[in-house]
1. Name the lysines eligible as straight-distance cross-link partners of K210: C-alpha to C-alpha under 21 Å, and not fewer than 8 places from it in the same chain.
2. Check D175: other-chain or 5+ apart residues with amide H under 5 Å from its amide H, H built from backbone geometry?
3. What's the magnitude of the charge dipole for region 149-236 around its Cα centre, counting Lys and Arg as +1 and Asp and Glu as -1 at the beta-carbon? Answer in Debye, nearest 20.
4. Which of the peptides 199-211, 67-79 is most tightly packed, and how do the rest follow, judged by the mean count of other Cβ atoms within 10 Å per residue?
5. Test of understanding: ordering S182, S145 by Cβ neighbours within 10 Å, fewest first, what list do you get?
6. Which chymotrypsin sites (Phe, Trp or Tyr not before Pro) does region 135-195 hold that lie in a coil by DSSP with at most 16 other beta carbons within 10 Å?
7. For Q57 and D77, compute 0.36 nm times the residue count separating them, minus their Cα-Cα distance, and round to one decimal in nm.
8. Hey, fewest Cβ within 10 Å first, where do I213, I226 land in order?
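The numbers here are math on the coordinates, done by the rules we state, and not lab data. The structure presented is a predicted model; accordingly, all values stated were derived computationally and were not measured. Cβ atoms come from the backbone with ideal geometry, glycine included; neighbour counts cover every protein chain shown.
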Amino acid sequence: MTVALAVVIAGVGIAISVLNGSSRAATPPQAVTVSQAANASPTAAQTAPAEGAIDFQPTREYDTGRVEGLPADAVHDGDNPNLLAAGSTAPDFDLASVAGQKFKLSDFRGKAVLLEFFATWCPHCQAEAPHLKNLINSLPSSRYSMLQVIADSEDAASMLAFDRYYGIATTALLDPGSTPGSYYHQGSTGPVTLQYRVAVFPTFYVIDPKGRISWRADHEQPDALILEKLKDAARS
C-alpha cells in the first residue's frame, strides 16, 4: 500500500512515496528520482554548516522495520525490473569514503560484498541500519564486506552524523551529483547510483568474489534473506 507523505523541510516541499519498505521521490523525471528540493535554490537551512550534522534524528514512519525479522522467503525482491541482471559483471567504480579515502569495487574481489544504495533521510534505510550493522558484524571480514553508497549527493558530515547515531563502522562512499544533499534534504542522484539503475531506497546488490552480481533487490529485506544471499555468493 502506498502512503503519500508530505515533508516540508527548509521551506521546500519534498514529496516522498513510502512503498512497502522503500522511499522514492514523487513525480520522478527519470528512473532514479531527483526531488524538487534538489533543483530549488538553496535556503539558509540547506546551506547550514557541516557541524549541524550532529543533530541527526531518525524520521518517524509507522510502516518501517516490519520485515527484517521475517523468514527469508517472506517478501519479494522488490518492484524495479530495471536493476542490473544477476549473473552480469558489477560495474566497477571509484568513490571516496567520508574520510576521503578512495575505494574501487574491484578492491574487494575475493570477498562477497553487500552493496547498499541509500539516503540518510530515508526512513526505510534508517530501519535497516541496525540490522545491517549486526549482520555484517556477524560475518568474518576475511570473506565478507559491506559498502554503502550514499545515493543522493549527501556530504561527509551527513553520513558521519548517520553513522554516529547508529554506531555504524562500515565503508560509506560518497556519490556526488549536481546538487548536494544532506540528512535534512534530498540532493540529486549520483552517477554510480544511476549506473546501477536505482529507483528506490534502499536498494541492495550482492556481489560474488569474482565481481558478478549474485542477487539484487529493493525495499527493506529480511535479515535472513540477505544473509542467505551473501553466503550463497561467497560459495560461488
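1. Hits, sequence-local ones excluded: K102, K104, K111, K229, K231.
2. I150, S153, E154
3. 380 debye
4. Answer by packing, highest mean first, reads 199-211, 67-79.
5. Fewest to most other Cβ atoms nearby, the residues stand as S145, S182.
6. none
7. 4.3 nm
8. Lowest to highest Cβ neighbour count: I213, I226.
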